[in-house]
Amino acid sequence: MKLFTNACWLVVAVLLSASVVGCKRNPGRITTIPGTRPGAVGDTAGMPLDTNPLASGVGSEGMVDEATGGIAASTVPLHQWTPSAEQPFATDTVYFDFDKSNIRPSEVPKILKVGSAMGSYAGKALRIEGHCDERGTEEYNRALGERRALSIREYLAQQGVSPQLIDTISFGEDRPADPGHNSEAWSKNRRGEFILLDPPK
């Protein structure tokens, strides 16, 4: 009987460790815009509740948005868009203080530049990636990366960039810009990056 009980505990331990290891493989959590429907990749995540094609009967094949000249963000979820071959904002990375998600005054000009430039990219959208240094738990860092991406998106929205054209994702500590384990490396890893997106073809 004791052998059977020990075997049961061993099976439970193996299953729990497998689920923890599986969590590390998550490439990032997509954060939907407030007032939109959350969901998994391939469904209607990121769509405004009142323009969700499954709720309103609008076709999901996408419609041309006359304002942007491209596929309307309200008909194609932004997580289905792909990074553009052109990445004009690669040098506009926004850096954060330790354990903070508020925008530093020194980083504001970068966000203003991106917001102003988005008017030149009709038919495209923007993804903001939130990142952290290695300190803290994986779960905490993923949440902190999400808050950082959301604070940048909020600032862009205040500058007139449509929130429907801004997607956010958190990678937490999983994609360091500098693999070092010191304060210099950590300062480079606490960041938000801009990725220009093309609509699905």
Exercise for review: Filter region 128-149 for residues that are surrounded by fewer than 23 Cβ atoms within 10 Å (Cβ to Cβ), closer than 22 Å to L197 by Cα and either small (G, A, S) or out of contact with any Ser or Thr (no Cβ under 6 Å at 6 or more places or on another chain) (or both) and give the result.
Suggested key: E129
Check your understanding: So, in region 165-174, of the ones that are farther than 14 Å from L144 by Cβ and hydrophobic (A, V, I, L, M, F, W, C), which residue ends up surrounded by the fewest Cβ atoms within 10 Å (Cβ to Cβ)?
Key -> L165
Exercise for review: Using the structure shown, decide if V94 is aliphatic (A, V, I, L, M) and touching a residue at least 60 places away in the same chain (Cβ under 8 Å).
Suggested key: yes
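Listed here are the residues, each with its yes/no results for (1) farther than 24 Å from A125 by Cα; (2) touching a Gly at 6+ places or on another chain (Cβ under 7 Å); (3) modelled with pLDDT under 95.
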site: I152; (1), (2), (3): no, yes, no
site: Y155; (1), (2), (3): no, no, no
site: S162; (1), (2), (3): no, no, yes
site: E173; (1), (2), (3): yes, no, no
site: N182; (1), (2), (3): yes, no, no
site: K188; (1), (2), (3): yes, no, no
Review point. Restricting to region 149-174, what's the tally of residues that are among the charged types (D, E, K, R) and assigned to a loop (DSSP other than H, G, I, E, B)?
Key: 2
Check your understanding: In region 89-123, which residues are assigned to a loop (DSSP other than H, G, I, E, B) and modelled with pLDDT under 95?
Key -> Y121, A122, G123
Exercise for review: Of the conditions (1) at pLDDT below 95; (2) part of a helix (DSSP H, G or I), E146 clears all except one; give me its number.
Suggested key: (1)
Point to revise | So Y155, is it touching a residue at least 40 places away in the same chain (Cβ under 8 Å), of a type in the set (F, W, Y) and in contact with a Ser or Thr (Cβ under 8 Å, 6 or more places away or on another chain) | key: no
Point to revise | Matching entry among G172, G160, G123, G130 (being under 15 Å from V94 (Cβ atoms) and in contact (Cβ under 8 Å) with a residue 40 or more places away in the chain) | key: G130
**Study point:** Single match in A177, A185 (criterion: aliphatic (A, V, I, L, M), surrounded by fewer than 18 Cβ atoms within 10 Å (Cβ to Cβ) and part of a loop (DSSP other than H, G, I, E, B))
**Key:** A177
Study note, to complete from the structure: Over region 132-143, the set of residues polar (S, T, N, Q) and in a helix (DSSP H, G or I) is N141
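The values are calculated or read from the model by the stated rules, or taken from the named source; none is laboratory data. Predicted model only: the values in this text are computed from it and were never measured. For neighbour counting, all protein chains shown are included, and Cβ atoms are generated from backbone atoms with ideal geometry for every residue, glycine included.
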